[in-house]
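Some notes on the structure that comes next.
No value in this document is a laboratory result; all are computed from the given coordinates. Quick caveat: nothing in here was measured; it's all calculated off a predicted structure. Cβ placement follows ideal geometry from the backbone for every residue including glycine, while neighbour counts extend to all protein chains displayed.
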Amino acid sequence: MDNKQVAVFMGDDASPEVMVPTVDLLRGMDLGIDFIEPVVGQIAKEKSGTLFPDEAKAQIDAADATFFGSTSGDSTPVLFYLRWGKQTFANLRPCVYVPGFNSPMARPDGIDFAIIRENLEDLYLGLEGDTQDLAGLNLYSRHARANLGDLGPGKYAIKAITEAGSERVIRFAFELARKRDKQRKVTVTCKYNMLAVADGLFLEIGKTIAQEYPDIEFEHFIVDDFLCRMITNPHALDVVVMPNLYGDIMSDGAAGLIGGLGLAPSGCYGDNYAYFESAHGTAPDIAGQNIINPTATVLSAAMLLDYLDLSAPADQLRQAISTVYADTANLTVDQGGSASTSGFFDALHRALANT
Ligand code: ATP
């Protein structure tokens, strides 16, 4: 059988400190995967005059998936391509407590839910500008009881919720609830009271799709109420789906529930492609110190393996993570330990060898 192809980007700041050893770990598992590192950023610019050459794009296209280290600068065009170019509309961010995670909750055992963040629209279309440019449209605010143009100088950002964009991500949520086969429940959350038109559409589509899934429970909460529920009773959640901005914020909060950003993996799925990256950013404040927690990246790698139909090694990776956390000796500083990133990886290699 032909090897699978995975395009890899090591990322910026502290990202390579977790990406390089994770890819080494995967290589060592002998999974029949070729890891290809497209050349992008400054090196590509010096060679071919562009930060993101066509050759790199072609390598992403030819790969079965991409494993992406967080980026802060020159490889941002790659991220935009992976999202909008490859139409990866569903950002899945599991929130699963593993004993040993440094959770602030009194009873974190059993927290196991998934946030699905719509990944391509809402306020993230980048449609911003000067409010005065819209003055001619006579946009009347029924809340402020004034025309936008009369509010004085300022800026706007457009929030767009489309029917097709909402439908596909909400359907993804219902399918996931079936696949997880846990509480078999989907929660829709957004601000459908204040934003009755845009977020109202998201909710209405949720209600419509729910009718096609009688085996899946459906509920909805206004996003502020949802946040309170997520903190006070996270065990009641199974699959939660929401527009982009809320998903960005809520999923970092969800990571906080189990013990922090260093623990939160993520995958972005389209109809024909997916890429995987930790939910956290490049952690520039701790770059170069060998203290960044690799857990989020390793668990993202496990999601990548699931996507490639390699669920047995994916489970092995998750089991090895659980083993490392069961013994507090090798935890990183963010988890209350004193191990370095490389010390954590050493422990992970040992755990993997024993699974
Ligand atoms: P972005 O805008 O891309 O989310 P950011 O700089 O706002 O990036 P992060 O890079 O996610 O946010 O970092 C937020 C904080 O969490 C920083 O203090 C960072 O050091 C910490 N952090 C993030 N990831 C990890 C990790 N894997 N291990 C330890 N600390 C982390």
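For the pair F35 and D285 in one chain, pulling the backbone fully straight at 0.36 nm per residue adds 87.1 nm over the alpha carbon distance.
Taking only the Cα atoms of the range 23-153, the ratio Rg/Rh comes out at 1.13, with Rh defined as the Kirkwood radius. Calculated FRET efficiency, R107 to E175, Cβ-Cβ distance, R0 = 25 Å: about 0.25 to the nearest 0.05. Size of the chain: Rg and Dmax of its alpha carbons, in Å, are 21.3, 69. Between 0 and 90 degrees, the angle of helix 223-232 with respect to the longest Cα principal axis of the chain falls at about 40 degrees. About the centre of its Cα atoms, the chain shows a dipole size close to 640 debye [charges on the beta carbon of Lys, Arg (+1) and Asp, Glu (-1) only; nearest 20 debye].
For the range 11-50, the residues whose amide N sits under 12 Å from a probe point set 7 Å from the Cα of D74 along the beta carbon direction are 11-13, 39-50. Just the Cα atoms of the range 100-228, one point each, no solvent: what log10 I(q)/I(0) does Debye give at q = 0.12, 0.19, 0.21, 0.22 Å⁻¹? Calculated log10 I(q)/I(0) at the listed q: -0.62, -1.11, -1.24, -1.31.
Mean residue ellipticity at 222 nm from the helices of the chain, using -39,500 (n - 2.57) per DSSP H segment of n ≥ 4 over the full residue count, to the nearest 500 deg cm²/dmol? Don't skip to the answer; put the middle values down first.
Numbers: 11 runs with 134 residues, N = 355.
Result for the chain: -12000 deg cm²/dmol, rounded to the nearest 500.
Let a ≥ b ≥ c be the square roots of the eigenvalues of the Cα gyration tensor of the range 160-247; is it rounded (a/c under 1.5), or, if not, prolate (a/b larger than b/c) or oblate? Mind showing how you got there, number by number?
Values: a/c = 1.92, a/b = 1.12, b/c = 1.71.
Taking the square roots of the gyration eigenvalues as a ≥ b ≥ c, the range 160-247 is oblate.
Amide hydrogen proximity for I291: with H placed 1.01 Å from N in the peptide plane, the residues at 5 or more positions away or on another chain lying under 5 Å are T341.
With N denoting the number of residues in the range 215-276, provide Rg(C-alpha) divided by 2.2 N^0.38 Å, to two decimal places.
Working: Rg = 13.0 Å, N = 62, 2.2 N^0.38 = 10.6 Å.
Scaled against compact globular proteins, the figure is 1.23.
Suppose every Lys and Arg Cβ carries +1 and every Asp and Glu Cβ carries -1, with no other charges. What dipole size does the range 1-127 come out with about its Cα centre, to the nearest 20 debye?
Working: 10 positive and 19 negative charges, 47 e Å.
The calculation lands at about 220 debye.
A convex hull fitted to the Cα coordinates of the range 145-201 yields 104 cubic angstrom per residue. Give the separation of the Cα centroids, the range 331-355 to the range 158-179, in Å. The range 331-355 and the range 158-179 have Cα centres spaced 37 Å from each other.
Using a Gaussian network model of the chain in which every pair of alpha carbons under 10 angstrom is joined by a spring, one finds that among F80, F68, F345 the greatest mean-square fluctuation is at F80.
Which three numbers, in whole Å and largest first, are the semi-axes of the equivalent ellipsoid of the range 181-316 derived from its Cα gyration tensor as √(5λ)?
29, 20, 14
Residue-wise HN-Hα couplings along the range 238-252, as the Karplus relation 6.51 cos²θ - 1.76 cosθ + 1.60 with θ = phi - 60° gives them from phi, are 10, 10, 10, 10, 7, x, 3, 5, 4, x, 4, 6, 4, 6, 5 Hz; Gly and Pro carry x. PRE reach from A326 (point 7 Å along Cα→Cβ): which of the range 88-115 fall under 13 Å by backbone N? In the range 88-115, the label zone of A326 (backbone N under 13 Å from the point 7 Å along Cα→Cβ) covers 99-100.
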